[in-house]
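Trainee: One structure coming up, written as structure tokens, with questions to follow.
The values are calculated or read from the model by the stated rules, or taken from the named source; none is laboratory data. Nothing here was measured: the structure is a model prediction, and the numbers come from that model. Here Cβ is always computed from backbone atoms with ideal geometry, including for glycine, and neighbour counts include all displayed protein chains.
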């Protein structure tokens, strides 16, 4: 079982890695062409909403509502009933999304006022944000239908195409930045058109795979269908429980709009770096583990359910720890290497590094949520994650107010991280209390090995790496030295794990026996 999960996770992770690398190219290009000013702050605020929706739908929330119900129909063994359910869900979902999209376009000025009220005193910045949000809002319709198609494919163990689809967002944005931006009066508006075009492309690329499965939807509208109602009933709470961290990031943007010009951009660039390991591992694990848990629950196999969850949690710790250390210790070198060109100054690097460290602290918390929430939604239990998500959001908001004064934008990042850990702790405690998750043997030894390897990696990087070196180096030298130190850090981490007795085969068995 775990060998299949590991293989599927590697497939999704590899596809996501391609997308994230192109995302860095996209962000490097934005930093190089547009820098950090009122216009880029306006774009990042306008992009927050469709990007939030992408993470909300394409990276889990819709799947958490749809896949468990779809699995039930698969278990019944009738492909005709399965196809009819898919058709009715597609038609009903499309109508709801179309109405929401039209409402979003009309209410764009209000949304910008709510998301970035500090822009109200910057007339041009506010107007440009509204325009770009109106252009990008149809992305909600396209990416939601894309997620719907991807969920069907994932439920049939077809992970590659849905995982590769986000690549087209980055390709379209890169293309519009290079060729369309120079033709526009306000160049950054071209990025909004890139988002719009990407939504259409992402949706269309799912169609061939659905045709091969014989499950291409023929939309029918039926709000009274039992299966559709189950999805709707699960979707709204699932959207909230999966996206608490993203909601907190939106709150960060709201508060940052009142801070120094550039604060929104610094938070954006630091969040982008944290999103790299979170996307590659967290998205891959969440995507793969949900169908597995749903199948285990439908088959009433509680042992396999717990083993799948145990495997996911150990992989989070194993990969999340070195990623956290790397982001924290190498914050300035990473930001300098990726973004310090032309308009993006060394001062921007230092300020963005402060918020990057704040977000990096919570990386393990973000990853744990990606694995723990599916343990609830696979059992169609959505109220508990929602309740805990509300608690975590309140904690994050309170910490935002407390930390923003001494730490400015970095305080907002740290508050979001602490809220993520609080959420993850509540979810884990509940699963343990209800005996849904029963940890396999060997956890104490496993954690000890990971902590020892993490300490060795941290000591080596702190001793040898001086972040101030990067400012004086050329772009090529920065890349080479960053790759060198990332390689050294990972080598020390892996070597320590092997020396303490952790074997590669432990990654493909459920109990990670010592």
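Trainee: Looking at (1) touching a helix residue (DSSP H, G or I) at 6+ places or on another chain (Cβ under 8 Å); (2) touching a residue at least 60 places away in the same chain (Cβ under 8 Å), find the lone condition where residue 306 falls short.
Mentor: Against the list (1) touching a helix residue (DSSP H, G or I) at 6+ places or on another chain (Cβ under 8 Å); (2) touching a residue at least 60 places away in the same chain (Cβ under 8 Å), residue 306 comes up short only on (1).
Trainee: Hey, among 369, 394, which residue is closer than 23 Å to residue 253 by Cβ, more than 19 Å from the chain's Cα centre (by Cα) and in a helix (DSSP H, G or I)?
Mentor: Details: 369 fails: more than 19 Å from the chain's Cα centre (by Cα).
On inspection, the qualifying residue turns out to be 394.
Trainee: Against the condition touching a helix residue (DSSP H, G or I) at 6+ places or on another chain (Cβ under 6 Å), in a loop (DSSP other than H, G, I, E, B) and either at negative phi or free of Cβ contacts under 8 Å to residues at least 60 places away in the same chain (or both), how does residue 328 come out, does it pass?
Mentor: No: the conditions fail for residue 328.
Trainee: On to the next question. Based on this model, can you work out whether residue 423 counts as surrounded by 20 or more Cβ atoms within 10 Å (Cβ to Cβ) and within 23 Å of residue 314 (Cα to Cα)?
Mentor: Values: surrounded by 20 or more Cβ atoms within 10 Å (Cβ to Cβ): yes; within 23 Å of residue 314 (Cα to Cα): yes.
Yes: the conditions hold for residue 423.
Trainee: Could I ask something else about it? All but one of (1) touching a helix residue (DSSP H, G or I) at 6+ places or on another chain (Cβ under 9 Å); (2) farther than 30 Å from residue 303 by Cβ hold for residue 427, so report the exception by its number.
Mentor: Evaluating residue 427 over (1) touching a helix residue (DSSP H, G or I) at 6+ places or on another chain (Cβ under 9 Å); (2) farther than 30 Å from residue 303 by Cβ leaves (2) as the failure.
Trainee: Here is a list: 282, 312. Which entry is under 18 Å from the mean Cα position of the chain (by Cα), crowded, with 24+ Cβ neighbours inside 10 Å, at pLDDT 80 or above and under 26 Å from residue 431 (Cα atoms)? Reasoning before the result, please.
Mentor: On the way: 282 fails: at pLDDT 80 or above.
Of the residues listed, the single one that is under 18 Å from the mean Cα position of the chain (by Cα), crowded, with 24+ Cβ neighbours inside 10 Å, at pLDDT 80 or above and under 26 Å from residue 431 (Cα atoms) is 312.
Trainee: So residue 80 ticks every box in (1) in contact with a helix residue (DSSP H, G or I) (Cβ under 9 Å, 6 or more places away or on another chain); (2) over 25 Å from residue 195 (Cβ atoms); (3) surrounded by fewer than 21 Cβ atoms within 10 Å (Cβ to Cβ) but one. Which box is left unticked?
Mentor: Going through the list (1) in contact with a helix residue (DSSP H, G or I) (Cβ under 9 Å, 6 or more places away or on another chain); (2) over 25 Å from residue 195 (Cβ atoms); (3) surrounded by fewer than 21 Cβ atoms within 10 Å (Cβ to Cβ), residue 80 breaks only (1).
Trainee: Then there is this: Which one of 232, 255, 207, 161 is in contact with a helix residue (DSSP H, G or I) (Cβ under 9 Å, 6 or more places away or on another chain) and more than 20 Å from residue 67 (Cα to Cα)?
Mentor: On the way: 232 fails: more than 20 Å from residue 67 (Cα to Cα); 207 fails: more than 20 Å from residue 67 (Cα to Cα); 161 fails: more than 20 Å from residue 67 (Cα to Cα).
Step by step, each of 232, 255, 207, 161 is checked, and only 255 is in contact with a helix residue (DSSP H, G or I) (Cβ under 9 Å, 6 or more places away or on another chain) and more than 20 Å from residue 67 (Cα to Cα).
Trainee: State whether one or more residues within segment 96-111 are without any contact (Cβ under 8 Å) to a residue 60 or more places away in the chain, surrounded by fewer than 20 Cβ atoms within 10 Å (Cβ to Cβ), farther than 30 Å from residue 211 by Cα and in contact with a helix residue (DSSP H, G or I) (Cβ under 8 Å, 6 or more places away or on another chain).
Mentor: yes
A quick yes/no check of all residues on (1) under 23 Å from the mean Cα position of the chain (by Cα); (2) modelled with pLDDT of 80 or more; (3) surrounded by 16 or more Cβ atoms within 10 Å (Cβ to Cβ):
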{"site": "199", "(1), (2), (3)": "yes, yes, yes"}
{"site": "224", "(1), (2), (3)": "no, yes, no"}
{"site": "229", "(1), (2), (3)": "no, yes, no"}
{"site": "235", "(1), (2), (3)": "yes, no, yes"}
{"site": "238", "(1), (2), (3)": "yes, no, yes"}
{"site": "241", "(1), (2), (3)": "yes, no, yes"}
{"site": "254", "(1), (2), (3)": "yes, no, yes"}
{"site": "267", "(1), (2), (3)": "yes, yes, yes"}
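Trainee: If you don't mind, there's one more thing I want to ask. Of the residues 408, 459, only one is free of Cβ contacts under 8 Å to residues at least 24 places away in the same chain and more than 30 Å from residue 381 (Cα to Cα); which? Explain how you work it out, then say what you get.
Mentor: On the way: 408 fails: free of Cβ contacts under 8 Å to residues at least 24 places away in the same chain.
Within the list 408, 459, the selection yields 459.
Trainee: Can you tell me how many residues in segment 145-164 are farther than 24 Å from residue 75 by Cβ and crowded, with 24+ Cβ neighbours inside 10 Å?
Mentor: 2
Trainee: Pick from segment 165-193 the residues that are within 23 Å of residue 276 (Cβ to Cβ) and free of Cβ contacts under 8 Å to residues at least 24 places away in the same chain: which of them is surrounded by the most Cβ atoms within 10 Å (Cβ to Cβ)?
Mentor: 176
Trainee: Also, quick follow-up: Under 9 Å between Cβ atoms, which residue pairs at least 6 apart in sequence (or on different chains) link something in segment 130-158 that is at positive phi and in contact (Cβ under 8 Å) with a residue 60 or more places away in the chain with a partner that is surrounded by fewer than 21 Cβ atoms within 10 Å (Cβ to Cβ) and assigned to a helix (DSSP H, G or I)?
Mentor: 157/4
Trainee: Limited to segment 201-218, what total is found for residues that are surrounded by 16 or more Cβ atoms within 10 Å (Cβ to Cβ) and either on the phi > 0 side of the Ramachandran plot or not in a helix (DSSP H, G or I) (or both)?
Mentor: Residues that pass the stated criteria total 5.
Trainee: Can you give me the number of residues within segment 377-402 that are surrounded by 24 or more Cβ atoms within 10 Å (Cβ to Cβ) and within 23 Å of residue 287 (Cβ to Cβ)? Before the answer, list the steps.
Mentor: Restricting attention to segment 377-402, the residues satisfying the condition of being surrounded by 24 or more Cβ atoms within 10 Å (Cβ to Cβ) are 377-378, 382, 385, 388-389, 392, 396.
Within this subset, residues satisfying the condition of being within 23 Å of residue 287 (Cβ to Cβ) are 377-378, 382, 385, 388-389, 392.
Total meeting the criteria: 7.
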